[in-house]
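A.B. asks: Quick one: the structure is below, questions incoming.
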Amino acid sequence: MLKVIGGFFLGLIVIGVLAYTYAGSLMFREIESPFGVEETVARIQQNIQNTGNGWALSGLRNPGKAVQNDGGNVLPVMMVEACSTKYSAPILKDDAVRFLSILMPCKVSVYKKNDGKTYIGMMNAGLMGKMFGPMVGEVMGHVAEDQAKFVQFDASKPAPEMIKGMPGAATGAAGGAAAGGC
Amino acid sequence: MAAEKIYVFKRFERFWHWSQALLIICMLITGFEVHGSYSLFGFEHAVSYHTVLAWSLVTLWVFAIFWHLTTGEWKQYIPTTDKVVAMMRFYSVGIFKGEPHPYRPTKLKKHNPLQRIAYLGVLLFIGPLLWLTGWFYLFYGDWAVWGVNGFLSLEWVAFFHTVGAFMMLTFLIAHLYLTTTGHTPTAHIKAMVTGWEEVD
Amino acid sequence: MPARPKIILSVAAITAMLTALVAFALPAKPEAAPAPQAVATPKKQSDSTADHSKFKELQKNFKTGPEVTEACLICHTEAAKQVQHTKHWTWESKDPKTGQVRGKKNIINNYCTAVLSNEKDCMACHAGYGWKDSSFDFSVQKNVDCLVCHDNTGTYRKLPGDAGHPVYKRREFPPKSGKFVEAVDLKKAAQSIGMPSRTNCGACHFFGGGANGAKHGDMDSSLQHPGKYLDVHMNEKGLNFFCTECHATKSHEVSGSRYNTSAAMTGPAHIRGKADASPAACQSCHGDKPHPQKDALLNQHTDKLACQTCHIPEFARNDIGTEMSWDWSKATIMGPDGKRMVRKDSAGRRAFDSQKGAWVWESHVIPEYRWFNGTSTYKVIGDKIDPTRTVQLSVVGGGPNDPESRIWPTKVHRGKQPYDVENNYLTVQHTGGEDATALWHNYDWQKAIGTGMKAANLPYSGKFAFVETELTWPITHMVAPKEDALSCAQCHNKNGRLKDIQGVYMPARDGKHSSKKEG
């Protein structure tokens, strides 16, 4: 009996350790980019504008700039922010899951690491969505599908120009609904 | 079975043993990180912990050497050939057949002949090897001033330091195994905590 | 996700007692130093005893640069002679160790390649007037350009095409760009004379290679008004050093040339007091044991590492970036309409130009590290090459067993440029200008190389091809705040910054193969 209980608890510990170790990598995804930081950002921005489904750019954040203003340095990191009211509206309407607004807008992070290569960091929207009921699960599933398109690059096309600032309202590229940069 | 108890390990000796054990285990953990075997605390922290531990161990050793010299306990480490063969036979064969231990510790001779040789080896070889190479490792920046720049290379100093570490680790594993070979698995360990060894 | 350390950590939790002891031994974190208060000295007050605007020699409406110089020389009788001994004038430098004669005049690089036959353009950055071809007389004193370094109005401009003369007449530049460059008010410039500011040095050194930041990577216009993050010494709100603070100058000889780098200075700080030591080296102010006693371990690194290696973790730490490669083989490719085509990269930097080829730029560049003893050997015009392999246009000297060598951060600029297939040397090409053989005007390599090689007095077989080249330069500017220096594990790591550096044992990097061969 002691052995059974002992084994049970040992199993619990093992699972705990595994979960602790891998949970982070399940929630988020990191892929290597074949391009430099600026070009990766520009191509993702272009992809977002071409994805449809109401997606529009809502910002380009550069947290490194704040560090520089404080007199420090970090390797470049830029966050491409995108938004689609088609997906945000249902979640924002539901009191039970409105807190998920902290995940908005949808972000794709582009950064350089010490190996000199550029990486793309994204949230695993599909998996995360499943934790908050069927409605969110479905919406986030669509977001995940679109997100995958954001990082599909066609290297044969020339590098587009990086779009700075908050272009969502200005360009209104993919659907006027996004104007205002949700 | 009427167990007789003798007081083998004095208070300082026990303190020395356990604090040394702790320090050495920590040094092994941090040392192998500095070596590059894994990362745990991060290189920078591993180095600074390792250095602090090293100085702590040096301090402990200074006290221990003083204690051994003033109490005459150093004689416990004089090697002897008495019963060595019987001992080796016991650990390789007899122990698995439940034969009695051929050595009976006393207050004056608390270490069996194999222990004497092993501990003396640690004290006279592994220890000094680690101290010496560790010293040069730590004071790499002063080699030029000391004039040893020409015939020392950091690579070899590090290599022998690591060799010492592996020997210490080997000793530790063997030592841990043998502590469980008393008449009960924890008998020796208890003795090292309380100082009292049960002798049957 | 680094899984292994976490597992190890979990296991280690069992030995909590041990870790607790180690944690106890943790040395106290050094107290955060109070941030230096911003000293409001953006502009340096002149403490000169002479106000040049009051000199009667300068109350003149100068028509040309040489006229101004003649006025300067009335008082500063030795100035021109001094300048004429410097690289800023000769564009030539002889290596005291190897005897090789280098300098901008003689080398071939993989940016604009070579000066010969292109003097009219290149000499916009010559401290002189009128060097338009090999007939230039280097002994004429009035042709020394005092203003380019000493004008303090910030309005003095020299443009390509004028062989070093300033802009005398308002003109459109670049041609057909709609932008105009005003004529320089030479009288005002002459009366503003002062010590060289960052603007003076930067006018050439920030824009080398034909674009902001293109060439050096550790020098670009961001150093005009740098923040602390970019350069602790030049920080406008802090020390606010001008270039001349480190590049201390004597008799117009500016110290600290890349051609003879002081790569491994030893001994304590002497702050300019030691005549034979390079004032521009970090050690001249910081000594070779610059870290406080609590960080004594760091001082042990100075026998192998240059200061720059840890303290310039990346260069081009801004949006300007620097050029990483220049592919000349793409030049003369015209747009679909048969006309010159120009394209920019995602960050708005030049990426392609039918005149010049294709470029790749990068910001926040992680340096490549090399052993370096301060002596580089350059490819000079006419040097033989082996076209079957990448041609090293500069070979940084030294190695692990040389006590004069340190591991340095470098910028490696990669390129593709033409060479003479039969004679096996890199070609000189006539690129700039409006004449019948200029590459940027006619898009004809054969004509451009023909003219270039004639100017270089070298036979040309008539056959050329493109060869890959590398130019390696040490990095020394844009020193980051100490908090941003490389941390231990960035090198003490199997895949760290120095993973390719041979001949030095590094704990944690070399652990698994501790008995492998010594370099």
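The values are calculated or read from the model by the stated rules, or taken from the named source; none is laboratory data. All of these numbers come straight from a predicted model, not from anything done at the bench. Don't worry about glycine lacking a Cβ; one is built from the backbone with ideal geometry, like all the others, and counts go over all protein chains shown.
A.B. asks: Would you kindly identify the strands (runs of 3 or more DSSP E) lying entirely within region C:269-359 that contain at least 1 residues that are of a type in the set (Gly, Ala, Ser) and in contact with an Asp or Glu (Cβ under 8 Å, 6 or more places away or on another chain)? Walk me through how you get there before you give the answer.
C.D. replies: Numbers: elements: C:322-327, C:342-344, C:350-353.
Here the list reads C:350-353.
A.B. asks: Any residue at all in region B:101-124 that's part of a loop (DSSP other than H, G, I, E, B), under 21 Å from C:ARG509 (Cβ atoms) and either of a type in the set (Phe, Trp, Tyr) or modelled with pLDDT of 90 or more (or both)?
C.D. replies: no
A.B. asks: Could I ask something else about it? How about region C:147-173: which of its residues are surrounded by fewer than 20 Cβ atoms within 10 Å (Cβ to Cβ) and outside any loop (DSSP other than H, G, I, E, B)?
C.D. replies: C:ARG171, C:GLU172, listed by residue number.
A.B. asks: Quick check on region C:195-212. Is at least one of its residues at negative phi, of a type in the set (Phe, Trp, Tyr) and touching a strand residue (DSSP E or B) at 6+ places or on another chain (Cβ under 9 Å)?
C.D. replies: Step one: filter region C:195-212 for residues at negative phi, giving C:195-208, C:211-212.
Still in the running and of a type in the set (Phe, Trp, Tyr): C:206-207.
Retained after the next criterion (residues that are touching a strand residue (DSSP E or B) at 6+ places or on another chain (Cβ under 9 Å)): none.
Within region C:195-212 (the criterion being at negative phi, of a type in the set (Phe, Trp, Tyr) and touching a strand residue (DSSP E or B) at 6+ places or on another chain (Cβ under 9 Å)), the answer is no, since none of the residues qualifies.
Residues checked against (1) within 14 Å of another protein chain (Cβ to nearest Cβ); (2) surrounded by 21 or more Cβ atoms within 10 Å (Cβ to Cβ):
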site	(1), (2)
C:ALA275	no, no
C:SER284	no, yes
C:ASP295	yes, no
C:LEU298	yes, no
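A.B. asks: On the basis of being surrounded by fewer than 20 Cβ atoms within 10 Å (Cβ to Cβ), polar (S, T, N, Q) and more than 22 Å from the chain's Cα centre (by Cα), does C:ASN423 make the cut?
C.D. replies: yes
A.B. asks: Contact list please: Cβ distance under 7 Å, first residue in region C:365-383 and closer than 20 Å to C:THR266 by Cα, second residue part of a strand (DSSP E or B) and aromatic (Phe, Trp, Tyr), pairs at least six apart or on different chains.
C.D. replies: C:ARG370/C:TRP408; C:PHE372/C:TRP408
A.B. asks: Sticking with this structure for a sec: Provide a single number: the residues in region C:63-105 that are within 26 Å of the chain's Cα centre (by Cα), modelled with pLDDT of 95 or more and among the polar types (S, T, N, Q).
C.D. replies: Number satisfying all stated conditions: 4.
A.B. asks: Same structure, new question: Quick check on C:VAL115: is it under 27 Å from C:VAL467 (Cα atoms), hydrophobic (A, V, I, L, M, F, W, C) and at pLDDT below 95?
C.D. replies: On the way: under 27 Å from C:VAL467 (Cα atoms): yes; hydrophobic (A, V, I, L, M, F, W, C): yes; at pLDDT below 95: no.
In short, no.
A.B. asks: Right, next: Quick check on my filter: what residues within region C:274-314 are within 26 Å of B:SER153 (Cβ to Cβ) and of a type in the set (Lys, Arg)?
C.D. replies: Across region C:274-314, the qualifying residues are C:LYS289, C:LYS304.
A.B. asks: If A:PHE8 passes every condition in (1) outside any helix (DSSP H, G or I); (2) more than 30 Å from C:CYS310 (Cβ to Cβ) but one, which one does it miss?
C.D. replies: (1)
A.B. asks: Looking at region C:228-281, which of the residues that are modelled with pLDDT of 90 or more and of a type in the set (A, V, I, L, M) is farthest from C:ARG198 (Cα to Cα)?
C.D. replies: C:ALA281
A.B. asks: Next question. Looking at C:GLY433, C:GLY496, C:GLY462, C:GLY452, which one is in contact with a Lys or Arg (Cβ under 7 Å, 6 or more places away or on another chain) and away from chain B (no Cβ under 12 Å)?
C.D. replies: The match here is C:GLY433.
A.B. asks: Now for a separate question. Taking the criterion of being within 30 Å of C:PRO175 (Cβ to Cβ) and of a type in the set (Lys, Arg), would at least one residue in region C:416-423 satisfy it?
C.D. replies: Checked against the condition, which is being within 30 Å of C:PRO175 (Cβ to Cβ) and of a type in the set (Lys, Arg), region C:416-423 yields at least one hit.
A.B. asks: Still on this structure, I have one more. Report those helices (runs of 4 or more DSSP H) wholly inside region A:28-115 carrying at least 3 residues which are within 10 Å of chain C (Cβ to nearest Cβ) and surrounded by fewer than 17 Cβ atoms within 10 Å (Cβ to Cβ). Walk me through it before giving the result.
C.D. replies: Details: elements: A:37-51, A:63-69, A:85-93.
Once the helices (runs of 4 or more DSSP H) in region A:28-115 are filtered for at least 3 residues that are within 10 Å of chain C (Cβ to nearest Cβ) and surrounded by fewer than 17 Cβ atoms within 10 Å (Cβ to Cβ), what remains is A:63-69.
A.B. asks: Do any residues in region C:174-200 that are part of a strand (DSSP E or B) have Cβ atoms under 6 Å from those of residues that are among the β-branched types (Val, Ile, Thr), where the two are at least six apart or on different chains, and which pairs are they?
C.D. replies: From region C:174-200, the pairs are C:VAL181/C:VAL167.
A.B. asks: Another one. If you go through region C:326-365, how many residues are within 12 Å of chain A (Cβ to nearest Cβ) and either over 30 Å from C:MET478 (Cα atoms) or in contact with a His (Cβ under 9 Å, 6 or more places away or on another chain) (or both)?
C.D. replies: Total meeting the criteria: 1.
A.B. asks: Here's a follow-up. Please work out which residue is nearest to the other protein chains (Cβ to nearest Cβ), limiting yourself to region B:122-169 and to residues that are touching a residue at least 24 places away in the same chain (Cβ under 8 Å) and β-branched (Val, Ile, Thr).
C.D. replies: Ranking the candidates gives B:THR162 first.
A.B. asks: Here's a follow-up. Go through region B:151-162 residue by residue and tally those that are surrounded by fewer than 16 Cβ atoms within 10 Å (Cβ to Cβ) and either out of contact with any Phe, Trp or Tyr (no Cβ under 7 Å at 6 or more places or on another chain) or of a type in the set (S, T, N, Q) (or both).
C.D. replies: The qualifying residues number 2.
A.B. asks: Residues in region C:235-251 that are within 13 Å of another protein chain (Cβ to nearest Cβ), surrounded by 18 or more Cβ atoms within 10 Å (Cβ to Cβ) and touching a Lys or Arg at 6+ places or on another chain (Cβ under 8 Å): how many?
C.D. replies: So the answer is 2.
A.B. asks: Restricting to region A:4-45, count the residues that are of a type outside the set (D, E, K, R) and under 25 Å from C:THR322 (Cβ atoms). Spell out the reasoning first.
C.D. replies: First, pick out the residues of region A:4-45 that are of a type outside the set (D, E, K, R): A:4-28, A:31, A:33-37, A:40-42, A:44-45.
If we keep only those that are under 25 Å from C:THR322 (Cβ atoms) as well, we get A:33-37, A:40-42, A:44-45.
Residues flagged as of a type outside the set (D, E, K, R) and under 25 Å from C:THR322 (Cβ atoms) within region A:4-45 amount to 10.
A.B. asks: Related question: Considering C:TYR460, C:TYR505, C:TYR443, which residue is touching a residue at least 40 places away in the same chain (Cβ under 8 Å) and either crowded, with 17+ Cβ neighbours inside 10 Å or aliphatic (A, V, I, L, M) (or both)?
C.D. replies: Residue meeting the stated conditions: C:TYR460.
A.B. asks: Could you grab me the full set of residues in region C:67-93 that are surrounded by fewer than 14 Cβ atoms within 10 Å (Cβ to Cβ) and under 28 Å from C:LEU393 (Cα atoms)?
C.D. replies: Scanning region C:67-93 gives a single hit, C:HIS85.
A.B. asks: Within region C:201-234, take every residue that is touching a Leu at 6+ places or on another chain (Cβ under 9 Å) and in a loop (DSSP other than H, G, I, E, B) and give me the one that is surrounded by the most Cβ atoms within 10 Å (Cβ to Cβ).
C.D. replies: So the residue we want is C:MET234.
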